Amino acid sequence: MQNLIETDTYLPIKAAPYQHQIEAVEFALRRLRDGGGAALLMEMGTGKTLTTIAIAGKLLLQQRIRRLLVVAPLSILGVWEEEFRKFAAFDYSLIVLEGTGARKADTIRHMTGTALQVLVVNYESAWRLEKELAKWQPDMIVCDEGHKIKTHNIAASKALHRLGARAKYRLLLTGTVITNKPIDVFSQYKFADPKVYGSSFYLFRNRYFDMVGYGNHTPVMKRSMEAEFTRRLHSIAYRATKAECLDLPEFTDIVQRVELEPAARRVYRQLVKDSYAELSEGSVTVTNVLTRLLRLSQLTGGFVANDDDASIKQVSSAKLDALADLLDSAENDGYKLVIIARFVPEIHAIERLLQKKGLRYSMIHGGVADRPKQIVAFQNDPDVRVFIGQIATAGLGITLTAASTMVFYSLDYSMSNYEQTRARIHRMGQKHPCTYIHLVARGTVDEKVLAALQDKANLAKTLVDDYRAGLNPFNS
């Protein structure tokens, strides 16, 4: 059999890979050489998606794979589409499965061709469409954010175990397979390579754990088995943390696009029409344009004001659902998270989400008085996992270096606020490269706002110029 590690270091991607990414590709290809699986335990910001694209490209060029199935949380399906578009230097055809079950099944049946066929699907759809996916016969399956299948007996895990057993190559992607429960490794590794820990959960549990506590329901690792457990864990795993990857840049920007629900999309489109009509009836000034832009930005965050009584109603949970997945990843990988939002209803919704998940947090917005106490708790208390900040009030004079990852749930239009807020984690005392994740509603003003801030452009002037050129300034 041909050795999958070629003598040259060429990777079929449109970017210069970092050294740890090259090493990860080579490790995975060695693991996959005779069929089987590998685990890329790479923290957010270290480029595991790009690394996976490079691996798939190498296998395609060596005529090892033709069909790739990527299973990921719903909120990041679009990330795979964008990353392939930006980085894949090989022929591929990619579809994110959407719509009804019948439509998804029909899409699967018609995914054929000579280019690499890539299907991207969420975990729930994967188990609901298991029969169709099995018939499609993917050569390679990728489980992104693999902790989603850490529970061995849920439907999604069982489906991926069965699908994985039929595929020649398998990749498990996650920051770490272990949180505070080593027993969670079993299900993820049963997908990646069942030879490591076997296929029986109960044999695995009895070998490595004692069951203690009331009713003997709490697994505790046997001290005599710790060395073997760890050796097996690392036998198929490549580990990359931001702290260890000295070749990483000081910061990385990630744009994570979310899809507004159909009902919210209809409300948004009507508001775009109404805003344009209102501009046409009055004077076109910076103030008028930004006032109407404000309403659209509120909607992409999930909320609109009722014109009758000025009450606020929620019309979308798209960004909140995406944030929930990011929180799960952060908690699984053991790092703290800073969340920045513009509007108070968004902050309250984020609070409710954290409370539902049982996560402790600090918070600063216009109504919070004990700001120093909030910062000290986040910086020093390991149990305070999240910081919520309102961009207008949390962007100056505070240090949040206990986190190296910041999520922009929403943005205002001030370049100064944006840059100052970013500096809360990227400053003296920060020991790790920083990652900034921007939640952007696809096809909305979110895209214009972020582009203007990143290009250091005058957003208001751009919008006014668009209108005077005969364009609707609120269209993306």
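Here segment 272-293 is the region considered, the condition is being free of Cβ contacts under 8 Å to residues at least 60 places away in the same chain and of a type outside the set (Ser, Thr, Tyr), and the residue that is surrounded by the fewest Cβ atoms within 10 Å (Cβ to Cβ) is 281.
Residues in segment 26-44 that are small (Gly, Ala, Ser) and either in a helix (DSSP H, G or I) or under 18 Å from the mean Cα position of the chain (by Cα) (or both): 28, 39. If the condition is being assigned to a loop (DSSP other than H, G, I, E, B), closer than 21 Å to residue 361 by Cα and under 24 Å from the mean Cα position of the chain (by Cα), then segment 396-413 contributes 400, 401, 402, 403, 404, 409, 410, 411. If a residue has to be outside any loop (DSSP other than H, G, I, E, B), open to solvent by 20 Å² or more (accessible area, probe 1.4 Å) and either farther than 12 Å from residue 349 by Cβ or not β-branched (Val, Ile, Thr) (or both) to count, how many in segment 305-323 make the cut? Total meeting the criteria: 5. Filtering 112, 46 for residues that are at pLDDT below 95, open to solvent by less than 10 Å² (accessible area, probe 1.4 Å) and of a type in the set (S, T, N, Q) leaves a single hit, 46. Quick check, is residue 467 in a loop (DSSP other than H, G, I, E, B), touching a residue at least 40 places away in the same chain (Cβ under 8 Å), within 24 Å of residue 274 (Cβ to Cβ) and open to solvent by 30 Å² or more (accessible area, probe 1.4 Å)? No. Against the numbered list (1) within 22 Å of residue 285 (Cβ to Cβ); (2) open to solvent by 10 Å² or more (accessible area, probe 1.4 Å), residue 445 comes up short only at (2). Scanning segment 128-187 for residues that are out of contact with any Asp or Glu (no Cβ under 7 Å at 6 or more places or on another chain), among the small types (Gly, Ala, Ser) and open to solvent by 10 Å² or more (accessible area, probe 1.4 Å) yields 134, 155, 165. Please tell me if residue 88 is over 17 Å from the mean Cα position of the chain (by Cα) and open to solvent by less than 50 Å² (accessible area, probe 1.4 Å). Judged against the criteria, residue 88 is a match.
Taking segment 242-271 as the range and being assigned to a helix (DSSP H, G or I) and either buried (at least 20 other Cβ atoms within 10 Å of the Cβ) or modelled with pLDDT under 90 (or both) as the test, the residues that pass are 264, 268. Out of segment 368-399, which residues are open to solvent by less than 40 Å² (accessible area, probe 1.4 Å), among the hydrophobic types (A, V, I, L, M, F, W, C) and at pLDDT below 95? Matches in segment 368-399: 368, 375, 391, 394, 398. Candidates 94, 59: the one that is crowded, with 21+ Cβ neighbours inside 10 Å, among the aliphatic types (A, V, I, L, M) and modelled with pLDDT of 95 or more is 59. Of a type outside the set (Gly, Ala, Ser) and touching an Asp or Glu at 6+ places or on another chain (Cβ under 6 Å), is that true of residue 230? Considered against the rule, which asks whether it is of a type outside the set (Gly, Ala, Ser) and touching an Asp or Glu at 6+ places or on another chain (Cβ under 6 Å), residue 230 comes out as no.
Within segment 414-428, count every residue that is open to solvent by less than 50 Å² (accessible area, probe 1.4 Å) and part of a loop (DSSP other than H, G, I, E, B). Qualifying residue count, segment 414-428: 4. Taken across segment 361-371, residues that are over 30 Å from residue 42 (Cα atoms), without any contact (Cβ under 8 Å) to a residue 24 or more places away in the chain and assigned to a helix (DSSP H, G or I) do not occur at all.
The values are calculated or read from the model by the stated rules, or taken from the named source; none is laboratory data. Only a predicted model underlies this, so the values are computations on that prediction, with no experimental measurement involved. Backbone-built Cβ (ideal geometry, glycine too); neighbour counts: all protein chains shown. SASA here: full protein model, heavy atoms, side chains in, ligands and nucleic acids out. Shrake-Rupley method; radii C 1.70, N 1.55, O 1.52, S 1.80 Å.
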